[in-house]
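For reference, the structure discussed in these notes is given below.
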Amino acid sequence: MVIMDDQWPRALLRAALLDAGYDAVGARSVSEALAQTPADPERGAVRLVIIDRPVLAREDTPLADLLGAHRNPVTLLLAPAGESAPPGPWSQIIHRPVSIGDMVRVIRSLLPLTSTGSGSIE
């Protein structure tokens with residue numbers, strides 16, 4: 001699940017992940033992401049959450065609620081360059097600037113595709 005308020009970067013990352021064989025959905029906020037079904041029978045469980053630091057800074061819905069609803073998936077924080085990351089359940093912190101290709105490489109290293117060539121990361 002990709003949580004970014006900027007539509008185009010979110011859409012580009014989702015498209016790159018889909019092209020790499022992952023199933024990905026996006027949301028503009030934690031509360032919007034929380035509305036997603038935790039384990040859609042057709043898509044599978046959410047195994048990864050990527051959250052953009054600016055979204056996290058203005059959220060009213062606790063990130064822990066989202067992660068708990070999805071059984072604590074791998075969680076990446078995308079943070080502005082030079083900004084220290086807040087405490088959290090981060091599997092990895094990625095600082096901008098970062099390319100979409102670099103993001104896909106990080107995700108592949110954390111969640112390799114199965115032998116069937118697909119991976120649900122909603």
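Of the residues Leu76, Leu67, only one is in contact with a Ser or Thr (Cβ under 7 Å, 6 or more places away or on another chain) and either assigned to a helix (DSSP H, G or I) or in contact (Cβ under 8 Å) with a residue 60 or more places away in the chain (or both); which?
Leu67
So which residues in region 15-55 are assigned to a loop (DSSP other than H, G, I, E, B) and either closer than 15 Å to His70 by Cα or in contact with a helix residue (DSSP H, G or I) (Cβ under 7 Å, 6 or more places away or on another chain) (or both)?
Selection gives Ala20, Ala24, Val25, Ser29, Ala35, Gln36, Thr37, Pro38, Pro41, Arg43, Val46, Arg47.
List, please: which pairs have Cβ atoms under 9 Å, are six or more places apart or on different chains, and start with a residue in region 101-122 that is on the phi < 0 side of the Ramachandran plot and loosely packed, with under 15 Cβ neighbours inside 10 Å and end with one that is at pLDDT 55 or above and of a type in the set (D, E, K, R)?
Ser118/Asp23
The values are calculated or read from the model by the stated rules, or taken from the named source; none is laboratory data. Please read these numbers as outputs of a predicted model, since none were measured by experiment. Virtual Cβ from ideal backbone geometry, glycine too; neighbours counted across all protein chains shown.
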